[in-house]
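The structure appears below as structure tokens.
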Amino acid sequence: MNEEQRLASQQVKQPKPEKDYSSYFERVVTAAPSLKDAKKRGKEEVKYHKDFAIDEEFLGMGQGRKFYIRTYGCQMNEHDSEVMAGIFTQLGYEPTHLIEEADVVLLNTCAIRENAENKVFGELGFLVKYKRKNPEMLIGVCGCMSQEESVVNKILTTYQHVDMVFGTHNIHRLPHILKEAYMSKEMVIEVWSKEGDVIESLPKQRNGAIKAWVNIMYGCDKFCTYCIVPYTRGKERSRRPDEIIQEVRDLAAQGYQEIMLLGQNVNAYGKDFADIEYRLGDLMDELRKIDIPRIRFTTSHPRDFDDHLIEVLAKKGNLVEHIHLPVQSGSNDILKIMARKYTREHFLDLVRKIKAAIPDVALTTDIIVGYPNETEEQFQETIDLYREVGFETAFTYIYSPREGTPAAKMQDNVPLEVKKERLQRLNAVVEEFSSAALKKYEGEIVEVLVEGSSKKRDDVLAGYTRRNKLVNFAGPQELVGQIVKVKILEAKSYSLRGEFVEIVNRHEVEV
Ligand code: SF4
């Protein structure tokens with residue numbers, strides 16, 4: 001069926017799967033996901049493609065059409081959505097914030113927790129009504145969930161109004177996938193289980209002009225037993241330093257004020273380079289010299305956090321005094337079952353080194369409670385470690401199994417009630433430390449990067465300090481995008497209230 005015929009059609013045309021499901025699967029799937037294949041780590045060299053360009057045959061494909069992307073999950077996904085928005089724009093599509101106006105709807109999904117997946121399935125069900133109203137609308141599922149065969153099977157059998165499913169390694173193939181979906185009457189599925197190469201020069205439609213995300217590496221080789229990411233994002237592949245440095249320079253020239261360097265385990269940056277000895281500390285030391293006020297990174301893994309990086313971060317300048325350092329548990333037994341590959345002692349030693357080098361550092365963390373076999377004593381060790389480190393805040397979670405991970409095969413023997421009760425106790429400690437950390441700012445003058453109006457009031461501005469504290473203060477809109485000094489008047493539960501003092505002269509910002 002050609003595109004014209006398709007446009008003339010008034011019905012949803014996904015064929016019903018036949019009883020022999022596997023033959024149906026073979027027919028529509030050009031590349032199927034496999035967590036088993038995704039687990040493999042080969043020695044093949046990563047290929048770098050420097051100059052991505054969209055084939056001329058696709059240009060203009062989006063003329064008169066609009067796209068809508070809904071993003072779930074982490075900053076990596078947010079940034080992938082910026083890349084897809086960039087590709088759509090080059091194809092001639094326009095963005096829309098209204099699903100009912102969209103010609104293509106993409107759900108960029110997250111597989112980290114079961115409830116994140118349930119939300120996506122709920123949304124897919126909800127999209128049926130839009131598809132009924134506009135049968136020409138293309139609906140696509142991408143992101144981490146697409147890498148799971150169980151998800152793709154469920155979409156094939158239950159959500160037949162979906163037109164395309166593509167994986168995290170197939171984003172640059174979006175023009176081909178769209179073309180295929182316009183031409184085909186069947187669901188287009190293209191999910192590579194083996195990680196892709198590193199592709200440079202992908203177009204990006206960035207959200208906002210103040211802060212920007214920059215990927216420094218892709219994938220993860222840590223295989224923590226609870227985590228699906230090494231399967232959905234492939235093996236560790238670092239971008240070459242010169243590409244990253246140039247991207248940050250370009251963003252600085254465009255007026256961006258803050259860069260967030262992204263990777264699933266940024267501390268493994270450079271481990272995969274065969275030709276050079278170059279790690280995250282080396283990269284940060286180069287980025288430090290670029291004239292941009294702030295550089296952050298996420299997420300760290302304690303095992304790969306080396307002394308050279310600490311040494312470089314201690315030079316400060318545009319390298320901020322905030323480190324997010326996920327510990328997950330304070331018990332050696334649980335850390336072992338999690339395969340985190342460090343001990344409580346190693347973690348505390350690392351914290352001591354960081355604090356010695358950067359005395360005003362703000363440390364934050366992630367913690368999972370109720371891991372299989374976690375005893376009350378082991379949980380208590382997590383609380384003790386939290387107090388000993390004095391984290392300023394934390395993301396806390398109840399353990400939930402992810403299909404395909406080693407932990408999912410363990411007996412989940414901590415009753416839900418106990419998990420909930422532990423989470424409550426942990427959160428009470430987190431709040432105690434968060435309010436104490438905020439209270440310390442009362443009377444201080446801090447530097448705030450103003451991001452816009454506060455959520456509640458237009459005449460109140462909001463922004464973050466170098467140590468990642470949210471500050472609200474009254475001030476004119478002209479301050480948005482600038483770094484200003486604010487005197488802190490009051491510590492609230494999760495933020496600070498202050499009054500505007502003055503704009504920070506760019507040359508005063510130490511870079
Ligand atoms: S290091 Fe992070 S992304 Fe990698 S497996 Fe562990 S939790 Fe998942």
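Roughly how many debye, to the nearest 20, is the charge dipole of the chain about its Cα centre, given +1 on each Lys and Arg Cβ, -1 on each Asp and Glu Cβ, and no other charges?
With only Lys, Arg, Asp and Glu charged at Cβ, the dipole is about 800 debye.
With unit charges on the beta carbons (Lys and Arg positive, Asp and Glu negative) and the dipole taken about the Cα centre of the chain, which residue among Leu309, His169, Tyr226 sits farthest to the positive side?
Comparing the listed Cα positions along the dipole, Tyr226 ranks first.
Please quote Rg/Rh for the stretch 432-511 to two decimal places, taking the Kirkwood radius as Rh and restricting both calculations to Cα atoms.
Rounded to two decimals, Rg/Rh equals 0.96.
Apply the Kirkwood formula to the chain: the hydrodynamic radius equals the inverse of the mean of 1/r over all pairs of different alpha-carbon atoms; give it in Å with one decimal.
Computed over Cα pairs of the chain, the Kirkwood hydrodynamic radius comes out at 24.6 Å.
How large is the charge dipole for the stretch 412-511, taken about the Cα centre, if only the Cβ atoms of Lys, Arg (+1) and Asp, Glu (-1) carry charge, to the nearest 20 debye?
280 debye
Apply the a/c threshold of 1.5 to the C-alpha gyration tensor of the stretch 22-190 and tell me whether it is rounded, prolate or oblate.
Since a/c stays below 1.5, the shape of the stretch 22-190 is classed as rounded.
Please give the calculated 222 nm ellipticity per residue for the chain, where each DSSP H segment of at least 4 residues contributes -39500 (n - 2.57) and the sum is spread over every residue; nearest 500 deg cm²/dmol?
-10000 deg cm²/dmol
Taking 45 Å as R0, compute the FRET efficiency from the Cβ-Cβ separation of Gln205 and Val460 and round it to 0.05.
Approximately 0.95, to the nearest 0.05.
Which ordering of Thr365, Thr96 is given by a fewest-first count of other beta-carbon atoms within 10 Å?
The fewest-first ordering by Cβ neighbours comes to Thr96, Thr365.
Output the 0 to 90 degree angle, nearest 10, between the alpha-carbon long axis of helix 344-357 and the longest principal axis computed from the alpha carbons of the chain.
60 degrees
Which order results if Met338, Met145 are arranged by neighbouring Cβ count within 10 Å, fewest first?
Met338, Met145
Show me the three semi-axes of the equivalent ellipsoid for the stretch 198-439, from the C-alpha gyration tensor (sqrt of 5 times each eigenvalue), largest first, rounded to whole Å.
The equivalent ellipsoid of the stretch 198-439 has semi-axes of 32, 21, 17 Å.
List the relative contact order of the chain as a percent without decimals, with contacts defined as Cα pairs under 8 Å and 6+ residues apart.
Rounded, it is 11 percent for the chain.
Length gain on complete extension for the stretch Arg70 to Phe126, per 0.36 nm per residue less the alpha carbon to alpha carbon distance?
18.8 nm
Report the number of Lys pairs in the stretch 445-506 whose alpha-carbons are under 19 Å apart, with separation of 8 or more residues or on distinct chains.
Lysine pairs, 8 or more places apart or on different chains, close enough: 7.
By its C-alpha gyration tensor, with a ≥ b ≥ c as the square roots of the eigenvalues, how is the stretch 358-511 shaped: rounded for a/c under 1.5, else prolate for a/b larger than b/c, else oblate?
prolate
Among Leu335, Phe88, Phe347, whose Cα lies farthest out toward the positive end of the dipole of the chain, if unit charges sit on the beta carbon of Lys, Arg (+1) and Asp, Glu (-1)?
Toward the positive end, the furthest listed residue is Leu335.
Taking the beta-carbon count within 10 Å as an exposure proxy, list Cys224, Cys142 from fewest neighbours to most.
Cys224, Cys142
Any chance you could give the angle, 0 to 90 degrees and rounded to 10, that helix 149-158 forms with the longest Cα principal axis of the chain?
Once rounded, one gets 50 degrees.
Which order do the peptides 415-421, 75-81, 252-258 take when ranked by the mean count of other beta-carbon atoms within 10 Å per residue, highest first?
Answer by packing, highest mean first, reads 75-81, 252-258, 415-421.
What's the local net charge at Cys74, with K and R +1, D and E -1, over the other residues with C-beta under 15 Å away?
Counting the neighbours of Cys74, the net charge comes to +1.
Order 197-204, 163-170 from most to least packed using the mean count of other Cβ atoms within 10 Å.
Answer by packing, highest mean first, reads 163-170, 197-204.
Dipole of the stretch 396-511 (Lys/Arg Cβ +1, Asp/Glu Cβ -1, origin at the Cα centre): which of Ser434, Ser454, Val504 lies farthest to the positive side?
Going by the charge dipole, the pick is Ser434.
Beyond 15 Å, what share of the Cα-Cα pairs of the stretch 331-383 is found? Please give it as a whole percent.
53 percent
Any idea what angle helix 75-90 forms with the longest principal axis of the chain, computed on alpha-carbon atoms, 0 to 90 degrees, nearest 10?
The angle comes out near 50 degrees.
Note down the magnitude of the dipole of the stretch 292-445 about its Cα centre, charges +1 on Lys and Arg C-beta and -1 on Asp and Glu C-beta and zero elsewhere, to the nearest 20 debye.
That gives the stretch 292-445 a dipole magnitude of about 400 debye.
Values in this text are rule-based calculations from the coordinates and carry no lab data. Quick caveat, the model's predicted, so the values are computed rather than measured. Note that we place each Cβ from the backbone using ideal geometry, even for glycine, and neighbour counts take in every protein chain shown.
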